[in-house]
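Chemist: I have a structure I would like to understand better, so I am pasting it below and will then ask my questions one at a time.
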Amino acid sequence: MRPVAAIVAKDIAIEYKNKEAFTSMLLFGLLVVVVFSFAFEGSDRKLLAPGMLWVAYSFAGILGLNRSLNMEIDNDCLQGLLLSPLSRGDLYLGKVAGNLVFTLIAELVILPFFVILNNLAFNRALLWIAGITLLGTLGFVAIGTTLSLISAQTRMKEVLLPVLQIPMTFPVILSAVQATSLVMSEDAKGISFPLSVLGIFSTVYITASYFVFEYIVEE
Amino acid sequence: MKSRILGVASIVGIAVALYFALVYAPTEQTMGTLQRVFYFHLPQAILSYLAAFLVGFGSLMYLATRDLKWDRFAYCNAELGVLFTTTTLVTGMIWGRLAWNVWWAGDARTNLELILGLLYVGYLMLRAYLPEREKRARLSTVFGFLAVLDVPINYGAIYWWETQHPKPVLGPRGGGADPDIKLAIYVSLLAFAFVYAWLLTKRLQVAQLEDEVGSLESTMEAS
């Protein structure tokens with residue numbers, strides 16, 4: 001566990017200093033929420049809100065993922081990480097944990113703005129939504145960390161990430177939207193199904209990426 | 001030689017399948033002639049999923065053996081995947097417009113097919129932006145492997161949606177279809193399987209030539 005913690009600590013130290021990934025994710029996510037709330041003026045917000053929230057989350061998340069992995073590639077920091085005595089799988093887990101922390105913080109800051117702009121209520125459902133956010137974001141960064149390192153090695157760099165990430169995370173976005181709308185409609189009966197899809201997705205992709213990560217960083 | 005046999009089998013097969021679909025099979029009672037599009041829709045949908053499994057298989061074999069043969073196998077199947085998801089969606093939309101009066105019903109299976117198509121396109125796009133041959137094979141193989149894992153999860157995620165897509169007619173749970181209709185479906189499936197195998201062998205030959213040209217070019221540049 002120590003190497004994983006070391007990578008997370010390194011990422012937090014860098015982010016604390018330059019605040020690049022966090023601010024860009026936060027501002028971009030807020031802008032998506034604002035644009036949506038203007039565009040859907042006058043329509044039933046309760047119906048649209050879950051989809052709106054997860055579109056904002058996933059766009060912001062893609063921005064943060066690109067930042068986090070490009071940072072390693074740009075200055076050849078990845079070489080240093082690969083030379084250090086830690087397994088490829090641990091490197092992956094460390095990057096996932098770091099990405100999860102930044103993305104979650106940005107998302108939890110976006111959440112109250114989303115509630116205000118859509119005239120929703122601050123109630124217990126928000127705690128549920130925060131929980132769904134945690135589970136959904138875990139799945140999102142589990143595959144996103146791998147895909148962003150793949151796309152960072154192409155000629156297109158970060159432009160390619162959404163093309164790979166969005167279809168791949170379709171089950172995450174779909175299930176998270178379903179779970180969020182169930183919570184918001186105060187009828188959480190069928191919620192275990194989408195939540196278990198989120199759980200399965202994260203488990204499958206963390207395991208699979210842990211093992212294939214060495215093929216991505218191979219020189 | 002192999003591809004020539006498959007080519008003849010494809011052409012004859014499609015001709016026979018057309019006869020079975022348009023003449024032999026009885027007109028379905030509720031949907032009438034429109035139902036006949038189904039003889040092309042279902043086999044193509046099945047083959048579009050087969051392509052996903054073959055991409056996954058090729059990817060795993062490449063990771064295990066590092067033989068470029070398997071990389072070619074994976075991406076030629078991905079190209080056929082794009083072809084067959086497209087024809088499945090087009091025939092499905094023709095059906096949907098006439099039967100339900102909408103092009104896109106937003107139905108679970110339709111969305112699944114579209115996502116599958118987008119994954120194939122993503123895979124091919126990734127390859128297009130990786131100029132180095134070995135790196136292209138390695139990275140796209142990882143993506144292909146991860147994308148194939150996505151297919152069953154996707155299926156599970158949207159399975160619980162209420163689907164207005166017609167229930168399956170083949171397989172153990174699919175009862176109720178006329179035996180003549182079933183026979184026509186099997187004939188059509190066989191015909192399209194020949195087409196798939198034919199296109200795949202042709203495409204694999206071309207891909208191998210492409211690789212040979214590529215390696216010749218790099219040796220010329222080096223000297």
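The values are calculated or read from the model by the stated rules, or taken from the named source; none is laboratory data. Source: prediction; values computed, not measured. Note that each Cβ is placed from the backbone with ideal geometry, even for glycine, and that neighbours are counted across all protein chains shown.
Chemist: Only one of B:184, B:207, B:191 is touching a residue at least 12 places away in the same chain (Cβ under 8 Å) and touching a Lys or Arg at 6+ places or on another chain (Cβ under 6 Å); which?
Modeler: From the options B:184, B:207, B:191, the qualifying one is B:207.
Chemist: While we're on this one: Take residue A:147 and tell me if it is buried (at least 23 other Cβ atoms within 10 Å of the Cβ), closer than 18 Å to residue B:119 by Cα, more than 7 Å from every other protein chain (Cβ to nearest Cβ) and not small (Gly, Ala, Ser).
Modeler: yes
Chemist: Does residue B:105 satisfy the criteria of being among the small types (Gly, Ala, Ser) and within 10 Å of another protein chain (Cβ to nearest Cβ)?
Modeler: In short, no.
Chemist: Right, here's the next one. Mind counting the residues in region A:180-195 that are within 12 Å of another protein chain (Cβ to nearest Cβ) and either of a type in the set (Val, Ile, Thr) or within 11 Å of residue A:54 (Cα to Cα) (or both)?
Modeler: 1
Chemist: Quick one: which residue in A:161, A:198, A:182, A:149 is within 17 Å of the chain's Cα centre (by Cα) and farther than 27 Å from residue A:83 by Cα?
Modeler: Only one candidate qualifies: A:198.
Chemist: Also, I was wondering about something else. Out of curiosity, is residue A:181 within 26 Å of residue A:67 (Cβ to Cβ) and either among the basic types (Lys, Arg) or in contact with a helix residue (DSSP H, G or I) (Cβ under 6 Å, 6 or more places away or on another chain) (or both)?
Modeler: no
Chemist: Oh, and also: Criterion first (of a type in the set (Phe, Trp, Tyr), crowded, with 19+ Cβ neighbours inside 10 Å and facing chain B (nearest Cβ under 10 Å)) does residue A:170 satisfy it?
Modeler: yes
Chemist: Still on this structure, I have one more. Which one is nearest to residue B:155 (Cα to Cα) among residues in region A:175-219 that are among the charged types (D, E, K, R) and outside any helix (DSSP H, G or I)?
Modeler: A:187
Chemist: Would you point out which residue out of B:52, B:45, B:21, B:78 is more than 14 Å from every other protein chain (Cβ to nearest Cβ), assigned to a helix (DSSP H, G or I) and closer than 26 Å to residue B:126 by Cβ?
Modeler: B:45
Chemist: Just for region A:197-219: of the residues that are facing chain B (nearest Cβ under 9 Å) and over 19 Å from residue A:169 (Cα atoms), which one is surrounded by the fewest Cβ atoms within 10 Å (Cβ to Cβ)?
Modeler: The qualifying residue surrounded by the fewest Cβ atoms within 10 Å (Cβ to Cβ) is A:218.
Chemist: Could you check residue A:130 against (1) facing chain B (nearest Cβ under 10 Å); (2) assigned to a helix (DSSP H, G or I); (3) more than 14 Å from residue A:197 (Cα to Cα) and say which number it fails?
Modeler: (1)
Chemist: Could you check, for region B:128-142, whether at least one of its residues is assigned to a helix (DSSP H, G or I), within 16 Å of the chain's Cα centre (by Cα) and either facing chain A (nearest Cβ under 9 Å) or modelled with pLDDT of 90 or more (or both)?
Modeler: No, region B:128-142 contains no residue that is assigned to a helix (DSSP H, G or I), within 16 Å of the chain's Cα centre (by Cα) and either facing chain A (nearest Cβ under 9 Å) or modelled with pLDDT of 90 or more (or both).
Chemist: In addition: Within region B:87-116, how many residues turn out to be in a helix (DSSP H, G or I) and touching a residue at least 40 places away in the same chain (Cβ under 8 Å)?
Modeler: Going through region B:87-116 one residue at a time, the tally reaches 15.
Chemist: Could you tell me which of the residues A:78, A:91, A:117, A:86 is in contact (Cβ under 8 Å) with a residue 24 or more places away in the chain, more than 14 Å from the chain's Cα centre (by Cα), surrounded by fewer than 18 Cβ atoms within 10 Å (Cβ to Cβ) and within 22 Å of residue A:153 (Cβ to Cβ)?
Modeler: Selected residue: A:86, the only one of A:78, A:91, A:117, A:86 that is in contact (Cβ under 8 Å) with a residue 24 or more places away in the chain, more than 14 Å from the chain's Cα centre (by Cα), surrounded by fewer than 18 Cβ atoms within 10 Å (Cβ to Cβ) and within 22 Å of residue A:153 (Cβ to Cβ).
Chemist: Oh, and also: Tally the residues that are part of a helix (DSSP H, G or I) and in contact with a Leu (Cβ under 6 Å, 6 or more places away or on another chain), restricting the search to region A:34-51.
Modeler: Of the residues in that region, 1 qualify.
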